[in-house]
Amino acid sequence: CMMGPNNVTMYGKINYLEVSAPNRLVYTQIFCDENEKVFRHPMAPTWPETMLTTITLTPEEQNKTRVTIS
């Protein structure tokens, strides 16, 4: 839950689709109300209802990792 401008309360829900340790995480995220009813971002009407996110971790040098988010 987070509080937006004008005391608008927004909830989020994440569904993990893939967890491939140690280098890949795939999930969807949505805005919803406290009862998990899905809605678009209240201050951005063209915001997608569901966002798919993929995080890839790639070893680079010693003690360094490249983080790619798409």
Cα-projected label distance for M10 with T54, points at 7 Å along beta-carbon direction, nm:
2.5
Just the accessible area per residue of the chain, please: how many Å² with a 1.4 Å probe?
79
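Quick one, what does Rg over Rh come out to for the chain if you take C-alpha atoms and the Kirkwood Rh?
Working: Rg = 15.6 Å, Rh = 14.0 Å.
Result: Rg/Rh = 1.11.
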Nearest-0.05 FRET efficiency for K37 and I69 at R0 = 22 Å, using Cβ-Cβ distance, is 0.20
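Report the longest stretch of the chain that contains none of the trypsin sites (Lys or Arg not before Pro) sitting in a DSSP loop with at most 16 other Cβ atoms within 10 Å. Mind dumping the intermediate values first?
Values: sites that count: K37, R40, K64.
The reported range is 1-36.
The values are calculated or read from the model by the stated rules, or taken from the named source; none is laboratory data. What you see is a predicted model, and the numbers here were worked out from it, not measured in a lab. As a convention, Cβ positions derive from the backbone with ideal geometry for all residues, glycine included, and neighbour counts pool all protein chains shown. The area values use the complete protein model at the heavy-atom level, side chains included, leaving out ligands, DNA and RNA. Shrake-Rupley method; radii C 1.70, N 1.55, O 1.52, S 1.80 Å.
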